[in-house]
Amino acid sequence: CFQYSVPGFLLYNGEAVLTGKLAPLDWRIPSDNDWNRLKEYIAGNASALKKAGTWSSDTNPATNETGFGIAPKGLLLERDNATTLVNPASSTAYWTRNGMQEQLDKVVIITNSNNDIEFKNSVKPEGKKYYNGFSVRCIKEKAVFSLLFIRSITLISSSLSLSNWQNPCTLGTKIQKR
């Protein structure tokens, strides 16, 4: 397993995610469905999730209305046979994991150039069997999303609290380099 330290953050390769050991007890890596529900909750406005003052020349200024606090961390990609941190001030990507899948096939990416949460499929360097490095955000296993749409989104269940989404590092989870 590999972790790459960006000041204040860690990026993990897919092999680390697949160990199932990144999330603390009763927490997990969010699924595609979890991210889609979050996207629906914010009405597609990724600025509501972005931490203000951390994004370089953001086309859609970060408001962090939700308190989710996404900051740009970059993407750890292999380019020209070297591992490189790409776009550390303008993008971040999070692993998604659907159940106990044996291979990872996508990440969620948020950039300063658009105001959307997008799914991307390029999680491995071209022609390689190992994974690139991205961020991890965890969600409580028992989180329930209950939304009511009447003129605006109204939270009707405190269990949706965005505090259900956490960075594993803030929860004391540590992974050792191998």
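Applying the set (1) among the hydrophobic types (A, V, I, L, M, F, W, C); (2) surrounded by 13 or more Cβ atoms within 10 Å (Cβ to Cβ); (3) within 14 Å of N115 (Cα to Cα) to L75 leaves exactly one unmet item: (3). Restricting the search to region 73-119, which residues are within 15 Å of the chain's Cα centre (by Cα), within 15 Å of D32 (Cα to Cα) and assigned to a loop (DSSP other than H, G, I, E, B)? Listed by number, the residues that qualify are T96, R97, N98, L104, D105, K106, D116, I117. The requirement of being touching a helix residue (DSSP H, G or I) at 6+ places or on another chain (Cβ under 6 Å), under 29 Å from E102 (Cα atoms) and not basic (K, R) is not satisfied by L11.
Remark: pairs (first residue in region 73-87, under 14 Å from Y130 (Cα atoms); second residue part of a strand (DSSP E or B) and small (G, A, S); Cβ separation under 7 Å; 6+ apart in sequence or on different chains) = L76/G133. Taken as a whole, the condition of being more than 22 Å from S47 (Cβ to Cβ), modelled with pLDDT of 80 or more and open to solvent by 20 Å² or more (accessible area, probe 1.4 Å) does not apply to A89.
When K129, K142, K177 are checked against the criterion of being outside any helix (DSSP H, G or I), at pLDDT below 65 and more than 17 Å from the chain's Cα centre (by Cα), K177 stands alone in meeting it. Would a scan of region 11-33 turn up a residue that is within 16 Å of the chain's Cα centre (by Cα), part of a helix (DSSP H, G or I) and closer than 15 Å to D116 by Cα? Within region 11-33, one or more residues are within 16 Å of the chain's Cα centre (by Cα), part of a helix (DSSP H, G or I) and closer than 15 Å to D116 by Cα.
The values are calculated or read from the model by the stated rules, or taken from the named source; none is laboratory data. What you are looking at is a predicted structure, and each value in this text was computed from that prediction instead of being measured. Please note: Cβ atoms are built from the backbone with ideal geometry, for glycine as well, and neighbour counts cover all protein chains shown. Just so you know, the surface numbers come from the protein's heavy atoms only, side chains and all, with ligands and any DNA or RNA stripped out. Shrake-Rupley method; radii C 1.70, N 1.55, O 1.52, S 1.80 Å.
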